[in-house]
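The block underneath contains the structure these notes are about, expressed in structure tokens.
The values are calculated or read from the model by the stated rules, or taken from the named source; none is laboratory data. In this text the structure is predicted, and so the values were computed from the model without any measurement. Backbone-built Cβ (ideal geometry, glycine too); neighbour counts: all protein chains shown. Just the protein is used for accessible areas: all its heavy atoms, side chains included, with ligands, DNA and RNA removed. Shrake-Rupley method; radii C 1.70, N 1.55, O 1.52, S 1.80 Å.
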Amino acid sequence: MKVTIVSIPVRDQEKEFQFYTEKLGFIKKKDIPLEGGNRWLTLVSADWQDGPEILLEPAPNHFEPCKVYQDALMEAGFPYTQFDVDDVDAEYDRLTKLDVEFSVKPTKMGTVKFAVFNDTCGNNIQIVEML
């Protein structure tokens, strides 16, 4: 068994697609039109194109419990998911220059350094560097 797709709930697939590709550097893997103007829209890391796909899931628009959960995580300041990076400070600098808003600046805790940013569509995302 292996992980192939990880869903991230989004309220605006196109806005989130632009954010994840233009600012975070992911690339489109699949873009299949679905009913109601939705898409099966997946992204992969430019550095690991055969790795797991991120599905930009429009569930908060169609399933109220998903929206409630997403809102609760955001309000509490908890990250929805985590991306590993080689250098948190470098990513923080790169992303802040692209106007990405961070709620937690680079912080060292034990054997990791992390930071948390807002993905503009309802999620806090944590980036982590193993020290």
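Computed values, structure above
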read-out	value
Most mobile of 91, 64, 35 in a GNM of the chain (Cα contacts under 10 Å)	35
Length-normalised contact order for the chain - Cα pairs under 8 Å, 6+ apart - percent	24
The chain, dipole about Cα centre (Lys/Arg Cβ +1, Asp/Glu Cβ -1), debye to the nearest 20	100
Most to least accessible of 67, 97, 108, 113 (protein chains only, probe 1.4 Å)	97, 108, 67, 113
Volume of the Cα convex hull of the stretch 63-131, divided per residue and given in Å³	83
Reachable lysines from residue 113, criterion Cα separation under 23 angstrom, eight or more residues apart if same chain	23, 97, 105
For the stretch 5-130: span of alpha carbons on each principal axis (Å, largest first)	45, 32, 24
Contour minus Cα-Cα distance for residue 11 and residue 109 (0.36 nm per residue)	32.1 nm
